[in-house]
Amino acid sequence: MQVSMTVNGQERSGEVEPRTLLVHFLRENLGLTGTHIGCDTSQCGACTIHLNGKAVKSCTVLAVQANGADVTTIEGMAKDGELHPIQEGFWEEHGLQCGYCTPGMIMTTADLLKRNPNPTEAEIRHGIEGNLCRCTGYQHIVKSVQWAADKMAAQSGD
Amino acid sequence: MTATEPREKLVGQAIKRREDPRLVRGQGRYMDDIVLPGMAHVKILRSPLAHARIRNVDTARAAEAPGVLGVYTGADFADVNALPYAWQAAGVDNHVNTPRILAVDEVHWVGDPIAVVVAETPQQAADARDLIDLDLEALPAVVDAEATTHNGAPQLHENALNNIAFEWDCGDEAGVEGAIGDAAVRISQRIRNQRLIATPIETRGAIGQYDAGTDEYTFWLSSQAPHVHRLVMAAFVLGHPEEKIRVIAPDMGGAFGSKIFMYTEYPLVGLLAKQLGRPVKWIEEREEHALATAQGRDHVTDLDIAAEQDGTITGLRVTTWANLGAYLSTAAGGIPTTLYGRMVAGVYKIPNIHCKVYGTYTNTALVDAYRGAGRPEAAYVIERVVDLVAAELGMDPADVRRKNFIPTEAFPYDTGIGMLPYDSGDYPAALDKALDLIGYSDLRQQQADARANGKYLGIGFSSYVEVCGIAPTAWVTSEGWGAGLWESANVRVQLTGKVVVTTGSMPHGQGHETTFAQMVSDGLGVPYDDIIVEYGDTAGTPFGYGTYGSRSLAVGGTAIVQSVEKIRDKITKIAAHMLEVNEDEVDIDAGTAFVKGAPDRNVSFGDIAATAAVGAGLPEGVEPFLDATTYFDPPNCTFPFGTHIAVVEVEEDTGNVEIKRYVAIDDVGNVINPLIVDGQVHGGIVQGIGQALWEHGVYDDGGQLLSSTLMDYGIPKASWLPMMELDRTVTTTDVNPMGAKGAGEAGTIASTPAIVNAVMDALSPVGIKHLDMPLSAPRVWTAMQEAKEN
Ligand code: FES
Ligand code: FES
């Protein structure tokens, strides 16, 4: 069956099976491989994207459920070639090692900071607990999120 | 900048990683991101039983399913060799059984591959896999490392009586016997180091492609050692010329040791690609990762300790049953012997040690190196030993450590149990710094106050040492390893002045592109941005052994430094010729070669590179081009060390362990990039904490894995952890020119005993001396209830 949605600001459509997951549609039909797969029980968060402005695990959504929706993936975060402040934060604070969890972490962080622009350490840790990272021990991820929050606050104050 | 102003050194600076811009944009290229024209997809049917005879595998229905290109069973690969076993337990008989591409006649663990489906899409392959009819005759199974050796236990392999793959020992058995006989204090304890599942967030994968015209295979593999995978497939499995196999390791989403080994799926994708004339891809499912990727640890250990009243440890007997799983994985023999048994002395001077190890077969997944590999098990043993002594004598565990430390003036130090001599160390310095950072004098008072208020506050120590930078080839081959462990590097300077560094190391998150570029930039005095670091493809690169055992900097980095030295020598020759002076009058810095004392007489690095590359105007007898390859075989391993201290509180009502503080003082020698080293230490500590508190690969008695998803296996989450407090002492080593020791595994080795010791300290008021990991809330709560009842 045919699905269409807005992905990173562009109208995209494709042919899928009813059982096709959104993550597979993004990766296989659209070639947006920045969204990763780390599990099959919705535990790891590597597949996190934004669906109508909210962070969701794209392995928990069928492609057909996203028909007509507005989707943002990691590929849509940088604007005009400039890294998003959260992407910058992860780079500045060494918030990634292998980088596999990173796109999902960044998408979750974006949602977190939208809801809570100035989170405490505990709120950050709680906010990203649905995203697993096996490399960093999370410490530099927490700092990356704080860096991004500071930068975004400074920008919105401009 | 003029040539007289020395350029600022990059080594030692916290430079942010050059790997990251593409990764934060989602532009990494991991295994499943690779799509080749005409690619077909593989799904593997694995045994649902831990031990069974294969009566029949009926593939007829599966073969008819939509999109299916082929269905294969063990019979189809009967002429392909079983996988090789590359690291024997040294000096003893190893009763070797290794996996075949697909099982024939019998399966030995839940996950043993039985059949494979290739289809147009992964979904079609998975659907068809469900249509394969298996007729298995169940046989009795055994899963426990020690129980498997008991009389009457089910037998896995004809050549391994009582399921013993090898019996190995080190140290002085009679000496320990005597020490225990004479001891004022004797303690015995059985401890378990539970099974762990590596669980990188990216599972394994493999793509095979075969070109019939050239008879060449290309593999994309999840590989920490692409050259070794190529060699092993060529020489032992496929019997295909090595030069007609190319292995590429793409970006890897973590590995932690689990992607070192030879796995059946790797040659399989090549064989299928050849058979079908199409590239084929296999991506491991998360549950498959739990079932079929080599796991870690799984020791049962009996300890017998002899000590004096003042806390001096005089003897230690360690008897370990190391569960190796259903077959021997690539390095299975070396981990619980060389990397474990020979490290049980830890940081202590103990006059009598004996360590006996039984490597055993069970109906479980294969066990091999997992972050730390043998050394975490050894650190856990000795650090529990010290705390058992302290608890028995009512002494401060810091004092017992200090009393038994190898003295700083004793290095290089031989522990007498067959390890190479520890290169350098200052164990009291690290302990003191940790005590200082945590504010130890106040902390014990806080603990007393907390206890008075009915709270269970505990302080735990771990003073560790590990063997890294493996390893001198002559030594490691005498220890049963069937190859070398040197490392290679090629450095070449292009006509344009850009520098290309090719390393045999295989980074997968450790930031080598950044670290190595920092080193080369300093070494050649060229801009950091003019250096690129390449790795991960066997085509046209010198053979290298790869990344594991915290060896990339100590061994691989040295190969780079030595290649840089060779290039500097040649630059000096060419510059002297161009400047018309003697070689000893030339100095190099900041992108120029200049006459000492007359920096205005100089030639730029770019001009020298161009002269060398073009080949005109070179001194007599000097070959064109700046290109140097080094194969560096280290004279010794390195021995990083440190002290970690954890403060925990156990909640009485739930048994939940909360980590209040975590202080880590590590000594990894000189540091090239402190940001990257801190990241390695953080990640390592958390993996070790995971073992102490949450992670457990659980098999039931019938051999079913109960923790095969991320719902059941306790990967640490952000909200479970505190901010760690890190600092360092710096004791250099003369094993390599950087004076660096290695940092990839230190955290994991140190943190597990620190946490367990802290929890035992917290529980000491109720009389608990030892609990086995993981110290999950139910386990702790239950133990507290039982202790209170007694
Ligand atoms: S892939 Fe793991 S949560 Fe979606
Ligand atoms: S950086 Fe590797 S999983 Fe997070």
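The values are calculated or read from the model by the stated rules, or taken from the named source; none is laboratory data. Model, not experiment: these values are computed from the prediction. Ideal geometry is used to build each Cβ from the backbone, glycine not excepted, and the neighbour counts take in all protein chains shown. Keep in mind that these areas ignore ligands, DNA and RNA; they rest on the heavy atoms of the full protein, side chains included. Shrake-Rupley method; radii C 1.70, N 1.55, O 1.52, S 1.80 Å.
Scanning region B:25-46 for residues that are touching a Phe, Trp or Tyr at 6+ places or on another chain (Cβ under 7 Å), of a type outside the set (A, V, I, L, M, F, W, C) and more than 14 Å from every other protein chain (Cβ to nearest Cβ) yields a total of 0.
For region A:18-58, the tally of residues that are more than 16 Å from ligand 2 (Cβ to nearest atom) and hydrophobic (A, V, I, L, M, F, W, C) stands at 11. Tell me yes or no: at least one residue of region B:120-130 is among the polar types (S, T, N, Q) and surrounded by fewer than 20 Cβ atoms within 10 Å (Cβ to Cβ). Looking for residues that are among the polar types (S, T, N, Q) and surrounded by fewer than 20 Cβ atoms within 10 Å (Cβ to Cβ), one finds at least one in region B:120-130, hence yes.
Looking only at region B:204-238, filter to residues that are of a type in the set (Val, Ile, Thr) and touching a strand residue (DSSP E or B) at 6+ places or on another chain (Cβ under 7 Å); which one of those is nearest to residue B:289 (Cα to Cα)?
Looking at the filtered set, the residue picked out is B:207.
Picking from residues in region B:178-209 that are away from ligand 2 (no atom under 16 Å from the Cβ) and crowded, with 24+ Cβ neighbours inside 10 Å, the one that is nearest to residue B:506 (Cα to Cα) is B:206. The requirement of being without any contact (Cβ under 8 Å) to a residue 24 or more places away in the chain, within 16 Å of ligand 1 (Cβ to nearest atom), of a type in the set (Gly, Ala, Ser) and not in a loop (DSSP other than H, G, I, E, B) is fulfilled nowhere in region B:719-739; no residue meets it. Looking only at region A:92-115, how many residues end up being open to solvent by 40 Å² or more (accessible area, probe 1.4 Å) and more than 7 Å from chain B (Cβ to nearest Cβ)? Going through region A:92-115 one residue at a time, the tally reaches 3. Summed over region A:126-158, the residues that are within 15 Å of ligand 2 (Cβ to nearest atom) and either more than 9 Å from chain B (Cβ to nearest Cβ) or part of a helix (DSSP H, G or I) (or both) give a count of 7. Scan region B:24-39 for residues that are within 28 Å of the chain's Cα centre (by Cα) and touching a residue at least 12 places away in the same chain (Cβ under 8 Å) and the total you get is 7. Which condition number does residue B:141 fail, the rest of (1) surrounded by fewer than 22 Cβ atoms within 10 Å (Cβ to Cβ); (2) under 23 Å from residue B:288 (Cβ atoms); (3) among the hydrophobic types (A, V, I, L, M, F, W, C) being met? Condition not satisfied by residue B:141: (1). Looking only at region B:725-752, filter to residues that are of a type in the set (Asp, Glu) and surrounded by fewer than 24 Cβ atoms within 10 Å (Cβ to Cβ); which one of those is nearest to the other protein chains (Cβ to nearest Cβ)? That would be B:725. When the criteria are applied in full, residue B:697 meets the requirement of being surrounded by 23 or more Cβ atoms within 10 Å (Cβ to Cβ), away from every other protein chain (no Cβ under 12 Å) and touching a residue at least 24 places away in the same chain (Cβ under 8 Å).
Are any of the residues in region B:40-50 without any contact (Cβ under 8 Å) to a residue 60 or more places away in the chain and within 34 Å of the chain's Cα centre (by Cα)? First the steps, then the outcome.
Step one: list which residues in region B:40-50 are without any contact (Cβ under 8 Å) to a residue 60 or more places away in the chain, which gives none.
The answer is no; no qualifying residue exists.
Table: residues versus (1) away from chain A (no Cβ under 14 Å); (2) open to solvent by less than 10 Å² (accessible area, probe 1.4 Å).
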{"residue": "B:243", "(1), (2)": "yes, no"}
{"residue": "B:248", "(1), (2)": "yes, no"}
{"residue": "B:258", "(1), (2)": "no, yes"}
{"residue": "B:272", "(1), (2)": "yes, yes"}
{"residue": "B:277", "(1), (2)": "yes, no"}
{"residue": "B:280", "(1), (2)": "yes, yes"}
{"residue": "B:291", "(1), (2)": "no, no"}
{"residue": "B:295", "(1), (2)": "yes, yes"}
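Given the condition at pLDDT 95 or above and over 20 Å from the mean Cα position of the chain (by Cα), answer yes or no: does some residue in region B:369-378 qualify? The answer is no; no qualifying residue exists. When restricted to residues that are touching a helix residue (DSSP H, G or I) at 6+ places or on another chain (Cβ under 8 Å) and in a helix (DSSP H, G or I), region B:448-479 contains 1.
Examine region A:46-68 for a residue that is within 11 Å of ligand 1 (Cβ to nearest atom), under 17 Å from the mean Cα position of the chain (by Cα), over 24 Å from residue A:116 (Cα atoms) and more than 14 Å from chain B (Cβ to nearest Cβ), and state whether such a residue exists. Checked region A:46-68: at least one residue is within 11 Å of ligand 1 (Cβ to nearest atom), under 17 Å from the mean Cα position of the chain (by Cα), over 24 Å from residue A:116 (Cα atoms) and more than 14 Å from chain B (Cβ to nearest Cβ). Are any residues in region A:34-91 free of Cβ contacts under 8 Å to residues at least 60 places away in the same chain, in a strand (DSSP E or B) and open to solvent by less than 50 Å² (accessible area, probe 1.4 Å), and if so, which ones? Hits for region A:34-91 are A:49, A:51, A:55, A:56. The residue that is farthest from residue A:1 (Cα to Cα), among those in region A:19-33 that are free of Cβ contacts under 8 Å to residues at least 24 places away in the same chain and within 9 Å of chain B (Cβ to nearest Cβ), is A:33. The conditions of being crowded, with 18+ Cβ neighbours inside 10 Å and at positive phi are not met by residue B:458. Per the listing B:593, B:616, the residue uniquely among the hydrophobic types (A, V, I, L, M, F, W, C), open to solvent by 30 Å² or more (accessible area, probe 1.4 Å) and outside any helix (DSSP H, G or I) is B:616.
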